[in-house]
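The values are calculated or read from the model by the stated rules, or taken from the named source; none is laboratory data. Not measured: the values here are computed from a predicted model. Cβ placement follows ideal geometry from the backbone for every residue including glycine, while neighbour counts extend to all protein chains displayed. Heads up: the accessible areas ignore ligands, DNA and RNA and are worked out on the full protein's heavy atoms, side chains in. Shrake-Rupley method; radii C 1.70, N 1.55, O 1.52, S 1.80 Å.
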Amino acid sequence: MTPAEMTERFFGEARRRMDLAPSIERLLIMPKREVRVQVAIERDDGSIATYLGFRVQHDNARGPMKGGLRYHPHVDDDEVRSLASLMTWKTAVVGLPYGGAKGGIQCDPTTLSTRELERITRKLVDEIHDVIGPDTDIPAPDMGTNAQTMAWIFDQYSKYHGHSPAVVTGKPVDLYGSLGRDAATGRGLQLVTEAALRDLGRDVVGARVIVQGFGNVGSHTARLLHGAGARIVAVGDVKGAIAKDDGLDVPALLAHVKSTGSVVGFPDTRSVAADELLVLDCDVLVPAALGGVLHRDNARHVRASLVVEGANGPTTPEADAVLHERGIVVVPDILANAGGVTVSYFEWVQNLQHLSWAEARVDDELQQRMAASYATVRDVAKSKGMSLRTAAFVVAIGRVGKATVMRGI
Ligand code: NAD
């Protein structure tokens, strides 16, 4: 099943529980605009290389479109379309005044030099600057892009349209970025994990947690949950996985990863096979690496009572049904990992107002928004007897649908 089919299945599940006219449904599914461009650059050796660039703008009924820019060999129309629509639902579920978009370049950034990455990024802006902008569509970092990429976009876009820091978020803190953005997705995950545990009558203190992925999302989530008293009993990254039943020393693990590039080889732990990591005994499972890792074949063996989705689309619809049937609570990606886009929104607000917030204010406003969004979704799920995922889609589709109808076609 492709990522777009997965999103449509979850959308369809929610739509069946709502009173949505077929004409509005079609309007909400179909992207507003899809842009596909040629990105040609001169490589360092003088040869010419040509790449495909994409920007899919899914919906803007609730505000300017917002979404990441991914540099990866697997980027294609289908993936970008699906991620753009997920952004529409994600911004709506946490009540941000945004729509959804996503973009990318089909390239392998690990084979490109920094100068080449700069050229490819500036060339993409040359091709799409007319369709993005602070009031139109605001890109952000995603897989293969980072704060430096956003700085180049800000600079190149400003050459066409004048000084425009608000055209992208996730910029370096020294160049109109926001304090607190780095840890924001992990902080949001921590907040919803604690709230969901409370609803299960459990405390975060002593809860046994497994985290798959130890990059930006996974490492901050592990650090913050460990700080809140949870026991991080296993973690994994692309190179392997490790476990320790009485809990890992996360600050020491972070230092190990900084010096070696992987969780593998962290002293006093046992190594775990990649496919075993997700089915080890624990209370909370946080998939924070890739899409589709919880599928039909392993969902029956998951031993967590709570799954909190750090990655986008880590659970296939088949696995989702199995987990639901087994009474395992899943906090869906569009809610659980929305902390990042929420602080991106704060960055955009600061840029538009020429202000810079203290980190404590960023964290505090993030906490309030995530807590309120979780409570809204949880209440809908409870009152209508549906999963948190279906409830999150119901809330999001309701908000986007209402805005669409009120604005008129
Ligand atoms: P990252 O590149 O910083 O880290 C990814 C981690 O996943 C790394 O530790 C990597 O080793 C690991 N990984 C890669 N392949 C793996 C595999 N086959 N098995 C196990 N681990 C593997 O990325 P990130 O920013 O942490 O994003 C992780 C996920 O969260 C992605 O799905 C991303 O779309 C999603 N997400 C990120 C943010 C954000 O703010 N960064 C926000 C929302 C959603």
For this session: Find the relative contact order for the chain and round it to a whole percent, using C-alpha pairs within less than 8 Å whose residues are 6+ positions apart.
Result: 16 percent
Exercise. Could you state the per residue volume, in Å³, of the convex hull enclosing the Cα atoms of the range 246-378?
Worked result: 154 Å³
For this session: Quick one: which residues, 5+ away or cross-chain, put their amide H under 5 Å from the amide H of Gly215? H built at 1.01 Å from N.
Result: none
Seminar exercise, completed: Probe 1.4 Å, heavy atoms of protein chains only: per residue, the accessible area of the chain in Å² is 42 Å²
Problem set entry | Cα-centred dipole magnitude for the range 184-331, charges only on beta-carbon of K, R (+1) and D, E (-1), debye, nearest 20 | 260 debye
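At a 1.4 Å probe radius, carbon and sulfur cover how many percent of the accessible area of the chain?
On the way: 8450 of 17020 Å².
Carbon-and-sulfur percentage of accessible area, whole number: 50.
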Exercise. What accessible surface, in Å², does a 1.4 Å probe find on Ser23, ignoring ligands, DNA and RNA and rounding to the nearest 10?
Worked result: 80 Å²
Problem set entry | the range 334-351 - phi-based ³J(HN,Hα) in whole Hz, Karplus 6.51/-1.76/1.60, Gly and Pro as x | 5, 9, 4, 9, 7, x, x, 5, 5, 6, 4, 4, 4, 4, 4, 4, 4, 5
Problem set entry | Relative contact order (%) - the range 175-221, alpha-carbon pairs under 8 angstrom, separation at least six | 52 percent
Exercise. Excluding ligands and nucleic acids, what accessible area in Å² is computed for Met143 using a 1.4 Å probe, to the nearest 10?
Worked result: 80 Å²
For this session: Report the extension gain between Val238 and Ala40 in nm, rounded to one decimal, defined as 0.36 nm multiplied by the number of residues separating them, less their alpha carbon distance.
Result: 68.2 nm
Seminar exercise, completed: For the range 287-409, the dipole about the Cα centre with charges only on Cβ (Lys and Arg +1, Asp and Glu -1), to the nearest 20 debye, works out at 500 debye
For this session: Counting helices only, and only those DSSP H runs with n ≥ 4, report the 222 nm mean residue ellipticity of the chain as the sum of -39,500 (n - 2.57) divided by its residues, in deg cm²/dmol to the nearest 500.
Result: -14500 deg cm²/dmol
Exercise. If you plug each phi of the range 123-137 into the Karplus form 6.51 cos²θ - 1.76 cosθ + 1.60 with θ = phi - 60°, what whole-Hz ³J(HN,Hα) values come out, in order, with x for Gly and Pro?
Worked result: 5, 4, 5, 4, 7, 10, 4, 6, 10, 10, x, x, 10, 10, 7
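Find the eigenvalues of the gyration tensor of the Cα atoms of the range 41-195, then list the square roots of 5 times those eigenvalues as equivalent ellipsoid semi-axes, largest first, in whole angstrom.
26, 17, 17
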Exercise. What residues qualify as long-range amide H neighbours of Ser178, i.e. H under 5 Å apart, gap of 5 or more or another chain, H built at 1.01 Å from N?
Worked result: Gly170, Lys171
Exercise. Under the definition of Cα pairs under 8 Å and six or more residues apart, what whole-number percent is the relative contact order of the range 184-331?
Worked result: 22 percent
For this session: Given the options Val343, Val293, Val168, state which has the largest fluctuation in a GNM of the chain using a 10 Å cut-off (strictly under) for Cα springs.
Result: Val293
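Students often check this: by mean Cβ neighbours within 10 Å, which of 196-209, 179-192 ranks highest, and how do the rest follow? Before the final figure, lay out the partial values.
Details: 196-209: 16.4, 179-192: 25.1.
Result, highest mean Cβ count within 10 Å first: 179-192, 196-209.
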For this session: Enumerate the amide H contacts of Val307 below 5 Å, restricted to partners 5 or more residues apart or on another chain; note that Pro and chain-start residues carry no placed amide H.
Result: Leu285, Val329, Val330, Val331
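Set the Förster distance to 41 Å, then compute FRET efficiency between Ala273 and Lys382 from the Cβ-Cβ distance, nearest 0.05. Please list the in-between numbers first.
On the way: r = 38 Å, r/R0 = 0.92.
FRET efficiency, Ala273 to Lys382: 0.65.
Can you tell me how much longer the chain between Thr136 and Leu290 gets when fully stretched, taken as 0.36 nm per residue apart minus their C-alpha distance, in nm with one decimal? All intermediate terms of the calculation are to be shown ahead of the outcome.
Working: separation 154, 0.36 × 154 = 55.44 nm, distance 2.89 nm.
Additional length available on full extension: 52.5 nm.
Met406 to Val173: extension gain in nm, 0.36 nm per residue of separation minus the Cα-Cα distance? Intermediate values should be presented prior to the final figure.
Numbers: separation 233, 0.36 × 233 = 83.88 nm, distance 3.78 nm.
Between Met406 and Val173, full extension yields an extra 80.1 nm.
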Seminar exercise, completed: Phi-derived 3J(HN,Hα) across the range 265-271 with the Karplus relation (6.51, -1.76, 1.60, θ = phi - 60°), rounded Hz, x for Gly and Pro, is x, 5, x, 6, 10, 9, 8
